[in-house]
Amino acid sequence: MNTKTAPTRRHFLRSTSALIALPALGSLGFKAFATTKPVNPPKRMVFLGFGWGVTNETWFPDAKATGAEWQLSEGLRPLARHQNDITVVQGCSNKFANEAHWGSTFWLTGANRYAEPGQSFHNSISADQVAAAHLGRDTRFASIQLNSPDVSNSGHGPGLSLAWDMRGKPMAGLENPVQAFHRLFSNDTTPLSERQAMLAQKRSVLDAVLTDASDLQRGLTKTDTDKLDEYFQSIRDIEVRLGKDEQWLSVPKVKPPVADPKEGLAGKEEIKVMYDLIVAALQTDSTRVLTYRQPVGTLLQSLALKVAPHDMSHYTVGPRMEASQKRDAMQSELLAGLIDKLKAVKEADGRSLFDHTCLAYGSNIRSIHFLDNCPTLLTGGAAKIKLGQHLVVSKDTPLCNVWLTLLHGLGIQADRHGDSTGVVKELLA
């Protein structure tokens, strides 16, 4: 670069495009290197959220049996082989939550929907996106959001996935395993020169838009100025994404370690394959942050349960409660299978993918319309928390205290998150 020429945004993007970290591949010498000097695999974060809560009477462990001497509840029994590697937290809630059927909207944000004067809906950044800003710098995808087409029957509220960006705007999710597979592993067949031209065109459009918008700033009211600031932030977000695309434009996607998913998967099979794709995405270092807003309605159908998901969540003793309990058991069984797969993938330092992943699993609702004591299960070794315990925290502890604790454990020193009041000291290893 000519040192007499002031650096431009494109100079910066070009300079950063030369810095692309490769995953630790044994065939390239990392395995041999690891025998003499440990290689530190990256840390990862995964959030798995479901709507409609759980069966209150049979999912939560006995509140009187805490610490390491706890007993698995009926709903968690399929996780028995992993009991020493999971921690169940009771007592957390989002204090601003007031909508029982919005099981995912504020789960990772802890936001007050009425925080913006004159508006009936407001959200803030989700914990996964806080992590993505730190963990996603060197991967093709800063984060991946997985979703399900069965959102309306699965107890999820407004939003396009579990993720919300720094402006509190919803982030789109991949609707099914086929979409997710192709996003992660299918290469674009468009010639490189054409893709470069398309990116250049997008940048030219952004430049023109910014110029026009800047001319509007003079003489605006405070309200309009705030709206314009939000608009500028959205443009900056697009620029960041374009910069990421430029970094990886000429780098082929990695070969998938899983087979192409079948079309039309739903319920149990959809979740199982999505879990396989989560492992594949982490294993190939395509991303280090994932969320999955899971289906419940189609899960019930795949279990031959004819109870409507909303009716199941409002259970009484009888068929609806039995359906809820069978749903709990299957969700735990699928989660146990995911943990199996994470433990089976060995990394360059000789440990497993599980040891370098932090995974949080749960719901924003306990059951029926109860928004206290959000079901929360934590596992994985990346966040340096105490595993193999049952923890009951003081009533009304913000769920965001748990998220803040996990972020700190991953080396992300956020001062606070959402409505957090501090870390959960009992979780610290």
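Things worth noting here:
- Boolean, residue 396 is in the same structural domain as residue 58 (by TED's automatic domain parsing), in contact (Cβ under 8 Å) with a residue 12 or more places away in the chain, touching a Ser or Thr at 6+ places or on another chain (Cβ under 9 Å) and farther than 13 Å from residue 127 by Cα: yes
- Restricted to region 316-427, the set of strands (runs of 3 or more DSSP E) holding at least 1 residues that are farther than 24 Å from residue 43 by Cα comprises 389-398.
- Enumeration of residues in region 104-117 that are among the small types (Gly, Ala, Ser) and touching a helix residue (DSSP H, G or I) at 6+ places or on another chain (Cβ under 9 Å): 110
- Residue check, residue 60 at pLDDT 95 or above, closer than 19 Å to residue 407 by Cα and either outside the structural domain of residue 412 (by TED's automatic domain parsing) or among the aromatic types (Phe, Trp, Tyr) (or both): no
- Residue in region 112-164 that is farthest from residue 331 (Cα to Cα), counting only those that are acidic (Asp, Glu) and at pLDDT below 95: 116
- Restricting 84, 153 to residues that are in contact with a Gly (Cβ under 9 Å, 6 or more places away or on another chain), buried (at least 20 other Cβ atoms within 10 Å of the Cβ) and polar (S, T, N, Q) narrows the list to 153.
- Options 141, 96: the member that is more than 20 Å from the chain's Cα centre (by Cα) and in a loop (DSSP other than H, G, I, E, B): 96
- Of all residues in region 321-338, those being among the charged types (D, E, K, R) and crowded, with 19+ Cβ neighbours inside 10 Å number 3.
- Being assigned to a loop (DSSP other than H, G, I, E, B), touching a Leu at 6+ places or on another chain (Cβ under 8 Å) and either at pLDDT below 70 or not assigned by TED's automatic domain parsing to the domain that holds residue 132 (or both) is a property that residue 220 has.
The values are calculated or read from the model by the stated rules, or taken from the named source; none is laboratory data. None of the values given here were measured: they were computed from a predicted structure. Here Cβ is always computed from backbone atoms with ideal geometry, including for glycine, and neighbour counts include all displayed protein chains.
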